[in-house]
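So the structure is just underneath, and the comments pick up after that.
The values are calculated or read from the model by the stated rules, or taken from the named source; none is laboratory data. On a predicted model such as this, the values are computed, not experimentally measured, just so you know. With ideal geometry, Cβ positions are generated from the backbone for all residues, glycine too; neighbour counts draw on all protein chains shown.
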Amino acid sequence: MADHKTVYEDCDILIVGGGMAGTGATFESRYWGRDMNIVCVEKANIDRSGAVAQGLYAINCYMGTRWNENQPEDHVRYARNDLMGMVREDLALDMARHVDSCVHMFEEWGLPLMKNKEGRYQREGKWQIMIHGESYKPIVAEAAKKSASKIYNRVMITHLLKDESKDNRCGGAVGFNMRTGDFHVFRAKATIICAGGASHIFKPRAVGEGMGRTWYAPWSNGSCYALPICSRCKNDSNGKQNCFM
Amino acid sequence: MSTFVYMTRCDGCGHCVDICPSDIMHIDPKIRRAVNIEPNFCWECYSCVKACPQNAIDARGYADFAPMGHKVRVLREEEKGTISWRITFRNGTEKNFVSPITTKPWGKHIHKVADAEEPDQAAHESQLLFNEPDYLKIGDNREAELINEDGLPSRAKDTFKQGVYY
């Protein structure tokens with residue numbers, strides 16, 4: 001450890017994870033906090049990180065409220081039914097209320113969405129719309145780059161910090177640079193955890209000819225769950241892996 | 001199956017190392033060429049394949065549906081806004097696909113939120129996000145019962161569609 005530096009960063013908003021959620025949170029944070037120091041920390045490179053690294057051929061959830069295709073309440077009923085009641089309905093509703101404006105924004109940014117004859121987005125299911133999404137992630141990453149004060153690529157957050165003065169309050173996070181081994185300390189007034197879900201839980205990962213054949217990103221190591229658990233945050237850690245899924 | 005590197009083409013520039021989301025593309029310290037160090041953790045996301053300026057990286061398809069001897073080449077061009085795929089079968093047949101990756105000049109139409117009008121206190125207290133409710137696009141042609149007083153879509157309970165939702 002003697003060779004490794006410790007790097008300190010004081011920020012107003014710390015976003016842990018630079019996938020779809022993290023880059024989106026970075027973008028939105030800048031709108032509400034103009035003169036804030038907004039820092040996004042990602043273990044890979046935000047241009048191609050998270051579960052949308054390779055692109056995505058569909059947006060899994062689009063209400064179509066403007067054409068009265070579905071309403072947010074419809075989505076809550078679907079989610080409740082699909083998950084056999086084990087769902088935070090308020091979160092499902094909130095997601096459904098805001099997802100359309102988000103998709104419309106992506107279209108304005110240049111994401112190619114397929115249209116049908118009526119000029120509506122082409123559906124391939126009740127909730128899903130089709131896109132040419134090879135650059136879905138780079139486009140959203142571009143938005144985050146325009147918004148963040150600083151983006152740390154290749155820094156893996158390992159633990160959250162607790163606030164010294166206030167009990168049960170997060171005061172930032174610590175992690176390591178994957179390339180140099182430098183230890184990074186982020187002191188933050190607010191921390192948003194947008195880290196990944198967990199793959200390889202129920203089955204060992206595919207081997208042999210099936211190597212890498214997994215639905216979910218192999219690099220999602222469950223830090224979204226681990227970070228709050230390790231720091232014994234009593235916060236309501238919810239909304240995990242909710243975005244568009 | 002995972003990616004592999006043609007050693008004669010790779011010049012060790014490290015673009016793949018920089019982009020790999022799984023952090024498994026490394027430069028071998030001895031031969032100074034890129035190598036996939038952990039094929040089990042490769043998702044075939046093609047990030048490295050697209051990033052390689054020498055076209056030195058390829059991915060082999062699964063043998064059960066893609067017989068050996070094929071090739072997949074890809075060219076991503078941000079300026080043109082396209083991604084082009086060339087699939088070569090082992091009997092020489094070629095298939096070419098081109099798809100758009102963006103409909104607008106790259107990055108030019110992404111909001112710079114710092115330049116947007118600053119939200120006032122009322123906006124801070126509302127439930128609306130950036131560009132809402134405008135971007136919900138339910139503005140003028142919305143039916144009265146589809147929108148709440150907070151500007152977000154909502155529906156009265158007695159107007160719910162009947163039936164099971166899938």
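Candidates A:195, A:188, A:173: the one that is surrounded by 17 or more Cβ atoms within 10 Å (Cβ to Cβ) and closer than 20 Å to residue A:52 by Cα is A:195. When B:53, B:67 are checked against the criterion of being loosely packed, with under 13 Cβ neighbours inside 10 Å, touching a residue at least 40 places away in the same chain (Cβ under 8 Å) and farther than 25 Å from residue A:26 by Cα, a single residue qualifies: B:53. Against the conditions (1) touching a residue at least 24 places away in the same chain (Cβ under 8 Å); (2) touching a Phe, Trp or Tyr at 6+ places or on another chain (Cβ under 7 Å); (3) over 25 Å from residue B:127 (Cβ atoms); (4) at the interface with another protein chain (Cβ under 7 Å from one of its Cβ atoms), residue A:78 satisfies every one except (3). Residue A:31 falls short on exactly one of the conditions (1) surrounded by fewer than 23 Cβ atoms within 10 Å (Cβ to Cβ); (2) more than 7 Å from every other protein chain (Cβ to nearest Cβ); (3) of a type in the set (Ser, Thr, Tyr), and that condition is (2). Of all residues in the stretch A:198-226, those being in a loop (DSSP other than H, G, I, E, B) and either within 14 Å of chain B (Cβ to nearest Cβ) or in contact with a Pro (Cβ under 8 Å, 6 or more places away or on another chain) (or both) number 17. Flag: residue A:180 does not match the condition of being touching a Cys at 6+ places or on another chain (Cβ under 8 Å) and either assigned to a helix (DSSP H, G or I) or modelled with pLDDT under 95 (or both). Under the condition of being closer than 24 Å to residue A:176 by Cβ and either in contact with a Gly (Cβ under 7 Å, 6 or more places away or on another chain) or not small (Gly, Ala, Ser) (or both), the residues counted in the stretch A:25-77 number 15. Among the residues making up the stretch A:96-144, a single one is hydroxyl-bearing (Ser, Thr, Tyr), touching a residue at least 12 places away in the same chain (Cβ under 8 Å) and over 24 Å from residue B:21 (Cα atoms): A:121.
Output the residue which, of all residues in the stretch A:52-74 that are part of a helix (DSSP H, G or I) and modelled with pLDDT under 90, is surrounded by the fewest Cβ atoms within 10 Å (Cβ to Cβ). Here the residue is A:67. Here residue B:31 meets the list (1) under 24 Å from residue A:138 (Cα atoms); (2) away from every other protein chain (no Cβ under 11 Å) almost entirely, failing just condition (1). Return yes when residue B:14 is crowded, with 17+ Cβ neighbours inside 10 Å, among the small types (Gly, Ala, Ser) and within 29 Å of residue A:17 (Cα to Cα) and no when it is not. So residue B:14 fails the test. Consider the stretch A:36-50 and keep the residues that are more than 7 Å from chain B (Cβ to nearest Cβ) and in a loop (DSSP other than H, G, I, E, B). The one that is farthest from residue B:20 (Cα to Cα) is A:36. Checked against (1) within 9 Å of chain A (Cβ to nearest Cβ); (2) free of Cβ contacts under 8 Å to residues at least 40 places away in the same chain; (3) of a type in the set (D, E, K, R), residue B:44 passes all but a single condition, namely (2).
Figure legend. Inter-residue proximity from the stretch B:97-123: first residues at the interface with another protein chain (Cβ under 7 Å from one of its Cβ atoms), second residues outside any loop (DSSP other than H, G, I, E, B) and of a type in the set (Lys, Arg), beta-carbon distance below 7 Å, spacing 6+ or different chains. Indicated pairs: B:101/B:76; B:110/A:146; B:112/A:146; B:113/A:30; B:114/A:30.
Kindly indicate whether residue A:10 is charged (D, E, K, R) and at pLDDT 95 or above. Give the steps one after another, and end with the answer.
Working: charged (D, E, K, R): yes; at pLDDT 95 or above: yes.
Yes: the conditions hold for residue A:10.
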